Structure formats: C-alpha cells, structure tokens
1. Which pairs break 32 Å Cα to Cα here: LYS49/LYS102; LYS38/LYS81; LYS53/LYS102?
2. For GLU76 and LYS49, what does the FRET efficiency come to when R0 = 41 Å and r is the distance between their Cβ atoms, rounded to the nearest 0.05?
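Bear in mind that the values in this text are calculations on the coordinates, not laboratory data. Treat the numbers as computed from the prediction; the structure is a model and nothing was measured. A quick note on method: Cβ atoms are made from the backbone with ideal geometry, for glycine too, and the neighbour counts reach across all protein chains shown.
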Amino acid sequence: MSKTNASLLSRWSRMSLGLLGALLIATSAHASPKVLKKVPPEFPASAVKKGIKTGSVKAQISIGGDGKVTEVNIVESTPAKVFDKAVIEALMEWRFEGNGAKQSHELKLVFNSED
C-alpha cells in the first residue's frame, strides 16, 4: 500500500470513529420527560427547628408508561436525610406526559428558607 493510500485510510478511520462517537452520544442523550403536574415539596418543620435554611436532594424517579411516578430513590442529599421525606412525598404526586414506556429520570431539588 502506498503512503498516500495509507494516509487516506488512516484519516478516513479517524473520521469514522469520530462520527461513531458523536452518534453514540446523540443516541444516549434523551430529552427529559414533559412535566404535566409539579407538586412543590414542603420545607420540613424539623429543618426550621434545627435552624437549617438550605439544602438539596438529588433523586432518581421511575415513571410508568402512563406518566405516573412509580418510585423515588434518593441519590444524594445535603444535609443528609433532612429533606428526603418531603421530596419523596412531593415527587410521588408529580405527573409526566405518558409515552407508553417506562422511563427513569434524575433531578435535583433545592431548598431555601426565606426566613
């Protein structure tokens, strides 16, 4: 094989791998499900009593084909466990546009007390 042909083959291989990588990224990134009903979590009275004014909770939700939340798992929370119950109760009331397929989605809720 000549140097020119080898160079063209090498360049074509790099372009193909780059395109393949872009396609994999594009297909793995999916749009967030459309929210039809949001229920805000209540700021827990126990947090107020403890003087906690801010926090956040990252949760993984499972959504049924009909758009109802079927499960909520807490992935991370700061401060630990203070806002978890409020987030689970609120997210179980959320509704999404159903697409006939089960989905999962991760989201982060942030708490700020205005007192």
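1. Numbers: LYS49/LYS102 39 Å; LYS38/LYS81 22 Å; LYS53/LYS102 36 Å.
In this structure, LYS49/LYS102; LYS53/LYS102 lie more than 32 Å apart at Cα.
2. Values: r = 23 Å, r/R0 = 0.57.
Efficiency, from the Cβ-Cβ distance: 0.95.
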